[in-house]
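The structure appears right after this line, and notes come after that.
Just so you know, all these numbers are worked out from the coordinates, no wet-lab data involved. Everything numeric here is computed off the predicted structure, so don't read it as measured data. Note that we place each Cβ from the backbone using ideal geometry, even for glycine, and neighbour counts take in every protein chain shown.
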Amino acid sequence: MASSLNLARQTQLLNNKLFNVSIRMASTANAKKIKPQHNKNIVLIDGVRTPFLPSFSAYKDLMGYELARNALLGLVKRTSVNLKDVDYIIMGNVIQEVKTANIAREASLAAGFPQRIPAHTVTLACISSNQAITTGIGQILSGQSEVVIAGGVETMSDVPIRLSRQMRKLLLTMNKAKSVPDRLGLLAKIPSSKPLSPELPAVAEFSTNETMGHSGDRLAAAFGVTRREQDEFALRSHTLADKATKEGLLNDIEPVFVAGKKEPVTRDLGIRVATLEKLSSLKPAFVKEHGTVTAANASYLTDGASACLIMTEEKAKELGLKPKAYLRNFTYVAQDPKDQLLLGPAYATPKILESAGLSVKDIDVWEFHEAFAGQILANLKALDSDWFAKNYMGRQEKVGSIPMDKFNNWGGSLSIGHPFGATGVRLVTTAANRLHKENGQFALIAACAAGGHGHGMLIERYPQ
């Protein structure tokens with residue numbers, strides 16, 4: 001009797017295995033095929049980040065390289081990658097500390113990576129860590145590296161403040177003076193018109209001298225995005241981020257221990273769920289009388305770091321590492337930094353879809369960087385506009401309407417935060433995690449950046 005029961009149990013287990021295999025085979029057979037952009041399967045093993053915090057909070061005394069160090073250590077812990085297997089480290093950073101200009105190198109040394117591993121820093125505004133990832137892909141495709149760590153960091157709590165250019169020149173000249181009388185003579189040349197006034201950094205375009213907030217206001221007005229629409233989208237972002245936090249979906253976070261604090265920082269601290277009435281009561285932040293961009297419907301100054309591990313699929317198998325996603329097609333675009341500063345996603349999205357032979361309906365997960373609510377809504381309207389497609393993009397028809405039930409479902413930069421150099425890795429990691437949670441195949445990531453730049457990337461869920 002026991003023998004027959006055991007045989008029945010074994011038969012049931014075998015049938016279950018055959019059923020699971022058939023399901024996987026059917027799923028693979030039904031999977032959409034794309035046009036590959038490169039001849040190697042590049043995979044994302046995993047990505048992590050520090051909690052993102054509003055500037056001047058718990059990270060206010062940390063230097064940027066220290067935040068980046070935490071992200072690197074968190075990635076090693078998460079993936080169990082052997083440090084000797086890492087060939088190269090690339091990190092994005094926008095507002096650089098002069099003492100740690102190559103912050104990737106300083107962070108890797110501080111994290112205990114072998115000194116033989118080269119590291120360099122890239123900067124491309126809000127898509128700096130996207131650039132870090134794709135530069136790493138280039139390293140792998142060229143045969144220079146097999147295993148690359150890409151990431152980014154920003155600390156807005158400690159930005160460099162400079163003296164005026166005139167004063168800097170004078171001080172440098174004084175440093176070369178050979179005698180006290182020579183130095184006194186130079187001091188006499190200091191003009192009376194505020195020579196010691198500091199130059200504070202601003203999120204502004206050098207070429208246009210316009211702050212990004214003003215650009216956001218003009219973009220929203222150009223596409224007819226109302227203040228209420230922006231406030232509603234901001235509320236959506238914070239509500240979804242709050243829900244995702246409570247459900248444990250934002251599990252790319254690695255805790256950060258801060259000196260003097262009893263407990264580690266374990267979650268993002270900028271998420272605020274308010275009422276629509278409260279949001280509507282705030283005054284415009286940039287165009288004081290008629291603007292629609294406020295402190296609540298714009299991303300806030302944030303401190304944080306991120307890192308991810310990428311390699312070929314073959315190398316992952318060799319090292320016994322389990323990937324999360326294939327990193328497929330990617331593109332960079334650039335437009336007029338005056339009138340189209342924040343429209344990068346609208347230009348990058350069709351290029352990605354066309355290069356892969358896909359359409360809007362083939363994308364299961366959308367992850368767009370939320371610089372401003374008005375910027376997001378303007379890009380969505382541009383993508384769904386035949387007029388914009390024909391007059392600005394040289395296309396015969398619009399890309400189409402992106403379904404909002406697939407868009408930034410775990411919140412975005414408006415709520416989670418936006419450390420300039422680190423957001424790109426967060427977008428890719430979140431998209432990969434969402435693909436597995438939501439059982440999707442393809443995710444499209446897009447972001448705008450200063451200078452009129454934009455980035456788009458297609459990733460595909462790795463079969464588990």
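Debye-formula intensities of the range 82-131, expressed as log10 I(q)/I(0) at q = 0.13, 0.14, 0.16, 0.29 Å⁻¹, are -0.30, -0.35, -0.45, -1.07 (one equal scatterer per alpha-carbon, no solvent).
Sorting the segments 143-156, 52-65, 95-108 by their residues' average number of neighbouring beta-carbon atoms within 10 angstrom, most packed first, yields 143-156, 52-65, 95-108.
Between Arg116 and Lys33, the C-beta separation translates, for a Förster distance of 35 Å, into a calculated FRET efficiency of about 0.30. Of all lysines in the structure, the ones whose alpha carbon falls short of 18 Å from that of Lys317, not counting any fewer than 8 places away in one chain, are Lys40, Lys84. The helix-only estimate of mean residue ellipticity at 222 nm for the chain, built from DSSP H runs of length n ≥ 4 each weighted as -39500 (n - 2.57), is -12000 deg cm²/dmol after division by the residue total. Between the range 348-403 and the range 124-160, what is the C-alpha centre distance in whole Å? So the separation of the two Cα centres works out to 25 Å. In loop segments of the range 361-464 as defined by DSSP, the GluC sites (Glu not before Pro) with at most 15 further C-beta atoms inside 10 Å of their C-beta are Glu397, Glu438. Mind running the shape call on the range 158-270? Use the C-alpha gyration tensor, a ≥ b ≥ c as the square roots of the eigenvalues: rounded below 1.5 for a/c, prolate if a/b tops b/c, oblate otherwise. In terms of gyration-tensor shape, oblate. Each DSSP beta bridge with both residues in the chain is either parallel or antiparallel, and the antiparallel ones are about 70%. Shape analysis of the range 58-142 places it in the oblate category; the axes a ≥ b ≥ c from the Cα gyration tensor give an a/c of at least 1.5, with a/b not above b/c. The label-point distance for Glu397 and Leu141, in a model that sets each label 7 Å from Cα toward Cβ, rounds to 3.0 nm. Summing charges over all other residues whose Cβ lies under 15 Å from the Cβ of Ser299, with Lys and Arg as +1 and Asp and Glu as -1, gives -4. Give me the tail of P(r) for the chain as a percent: Cα-Cα pairs with distance above 40 Å. Cα-Cα pairs in the chain separated by more than 40 Å: 25 percent. Couplings 3J(HN,Hα) of the range 319-326, computed from phi: 8, x, 9, 9, x, 9, 7, 7 Hz, in residue order, whole Hz [Karplus 6.51 cos²θ - 1.76 cosθ + 1.60, θ = phi - 60°; x for Gly and Pro].
Among the trypsin sites (Lys or Arg not before Pro) in the range 376-464, those located in a DSSP loop and surrounded by at most 14 other Cβ atoms within 10 Å of their own Cβ are Arg395. Pairwise Cα separations in the range 341-464 fall into 10 Å bins from 0 onward with the following percentages, short to long: 13, 48, 32, 6, 0. Give the angle, between 0 and 90 degrees and rounded to the nearest 10, that separates the Cα long axis of helix 212-222 from the longest principal axis of the Cα atoms of the chain. Tilt of helix 212-222: around 60 degrees.
Approximating the spin labels as points 7 Å out from Cα along Cα→Cβ, the His436-to-Ser359 distance works out to 3.2 nm.
When the Cα positions of Thr79, Ala101, Tyr326 are compared along the charge dipole of the chain, Ala101 comes out farthest toward the positive end, with charges on each C-beta of Lys, Arg, Asp and Glu. At a Förster distance of 22 Å, what's the computed FRET efficiency of Val180 paired with Ala202, Cβ-Cβ distance as r, to 0.05? Plugging the Cβ-Cβ distance into 1/(1 + (r/R0)^6) gives 0.05.
Residues within the reach of a label modelled at Ala188 (point 7 angstrom out along Cα to beta-carbon, backbone nitrogen below 14 Å), restricted to the range 167-182, are 180-182. Taking label positions 7 Å along the Cα-Cβ direction at both Arg272 and Lys338, the computed distance is 3.5 nm, reported to one decimal. Note the angle between two axes, namely the Cα long axis of helix 165-176 and the longest principal axis of the Cα atoms of the chain, as a number of degrees from 0 to 90, rounded to the nearest 10. The angle comes out at about 70 degrees. Each Lys and Arg adds +1 at its Cβ and each Asp and Glu adds -1 at its Cβ; summed about the Cα centre, the chain shows a dipole of about 600 debye. Computed from Cα positions, the angle between helix 373-383 and the longest principal axis of the chain comes to roughly 60 degrees.
Give Lys246/Lys437; Lys35/Lys361; Lys33/Lys406; Lys288/Lys381; Lys77/Lys322 a once-over and call out the pairs whose C-alpha atoms are over 19 Å from each other. Listed pairs above 19 Å: Lys33/Lys406; Lys288/Lys381.
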